[in-house]
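Below is one structure, written out as structure tokens, with a few remarks after it.
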Amino acid sequence: MCLFCGLSVKYNEKEMLKAKAEANSNNLQKKEGGFFEKRAMPAAFTVMFMSLANSSVATFLPLMGIERGIEGVSIYFTLSACGLFCTRVVGRKLPRLLGENKVFYGAMCFYLCAFINLIFATSRWQVALAGMCYGFGIGFGFPLLNSAAVRSVESNRRGRATSTYMAMQDVGSSVGSTIWGMVANSNPFTTGYS
């Protein structure tokens with residue numbers, strides 16, 4: 001459900017840049033109160049849902065490994081870091097070559113594959129594959145979402161857009177850990193991945 005909600009958000013870079021140019025040309029530098037940047041909310045909500053889903057893995061993967069008799073599930077975290085590193089090597093060029101939307105949707109497919117692998121994982125190699133897919137998914141997805149949040153506002157509001165993005169990421173992680181804790185208390189850990 002978290003991934004479906006995240007994929008349902010559409011980003012149109014041309015419209016965001018056009019709105020930003022119009023705001024700058026009209027000098028619409030209003031002083032707005034509040035903590036959140038409204039125009040950054042689509043990206044912020046997407047990362048919130050992704051963090052909500054991620055909190056189940058980060059919190060309960062070792063316990064799932066014990067429940068299923070899979071040894072060495074820590075390979076998930078090692079390979080997710082390797083996948084993340086790989087995205088940093090090619091991360092600047094790929095969105096320019098293929099377009100940000102294609103790379104983002106590809107990242108969401110990797111992210112989804114990580115969870116599907118964990119749902120059906122019965123061996124260490126499946127957990128390892130899930131870790132690599134997760135690394136690719138967040139390695140491309142999170143930076144693209146952050147740049148979408150920042151580009152949606154004028155230059156003097158980028159700090160607020162970034163803080164909105166990061167705050168929603170924290171909300172997803174903290175609320176997710178609480179929810180998954182309640183789920184795991186009354187169900188097998190596998191329930192959290194399906």
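Considering the stretch 132-147, the residues that are open to solvent by less than 10 Å² (accessible area, probe 1.4 Å) and either of a type in the set (G, A, S) or touching a Gly at 6+ places or on another chain (Cβ under 6 Å) (or both) include one that is farthest from L61 (Cα to Cα), namely G141. Could you say whether any residue in the stretch 145-161 is over 13 Å from the mean Cα position of the chain (by Cα), among the hydroxyl-bearing types (S, T, Y) and more than 21 Å from K38 (Cβ to Cβ)? Within the stretch 145-161 (the criterion being over 13 Å from the mean Cα position of the chain (by Cα), among the hydroxyl-bearing types (S, T, Y) and more than 21 Å from K38 (Cβ to Cβ)), the answer is no, since none of the residues qualifies.
For the stretch 53-73, taking the residues that are among the β-branched types (V, I, T) and at pLDDT below 85, the one that is least open to solvent (accessible area, probe 1.4 Å) is identified as V57.
Listed by first and then second residue, the pairs with beta-carbon distance under 6 Å, at least 6 apart or on different chains, first residue in the stretch 167-179 and under 13 Å from T59 (Cβ atoms), second of a type in the set (S, T, N, Q) and open to solvent by 40 Å² or more (accessible area, probe 1.4 Å), are S177/T59. Selection of first residues in the stretch 120-132 that are within 19 Å of M108 (Cβ to Cβ) and of second residues that are small (G, A, S) and not in a helix (DSSP H, G or I), restricted to Cβ pairs under 8 Å at least 6 apart or on distinct chains, gives the following pairs, ordered by first then second residue: A130/A121.
Kindly indicate whether G33 is open to solvent by less than 70 Å² (accessible area, probe 1.4 Å), closer than 30 Å to R124 by Cα, at pLDDT below 60 and not β-branched (V, I, T). Judged against the criteria, G33 is not a match.
Scanning the stretch 100-109 for residues that are of a type in the set (F, W, Y) and either open to solvent by 30 Å² or more (accessible area, probe 1.4 Å) or in contact with a strand residue (DSSP E or B) (Cβ under 8 Å, 6 or more places away or on another chain) (or both) yields a single hit, Y105. Out of all the residues in the stretch 41-100, which are among the basic types (K, R) and within 20 Å of N185 (Cα to Cα)? The one that is among the basic types (K, R) and within 20 Å of N185 (Cα to Cα): R68.
Among the candidates L112, L129, L97, the residue that is of a type outside the set (S, T, N, Q), surrounded by 14 or more Cβ atoms within 10 Å (Cβ to Cβ) and either under 17 Å from the mean Cα position of the chain (by Cα) or under 27 Å from P42 (Cβ atoms) (or both) is uniquely L112.
The values are calculated or read from the model by the stated rules, or taken from the named source; none is laboratory data. Bear in mind the structure is a predicted one, so any value in this text is a computation, not a measurement. Backbone-built Cβ (ideal geometry, glycine too); neighbour counts: all protein chains shown. Heads up: the accessible areas ignore ligands, DNA and RNA and are worked out on the full protein's heavy atoms, side chains in. Shrake-Rupley method; radii C 1.70, N 1.55, O 1.52, S 1.80 Å.
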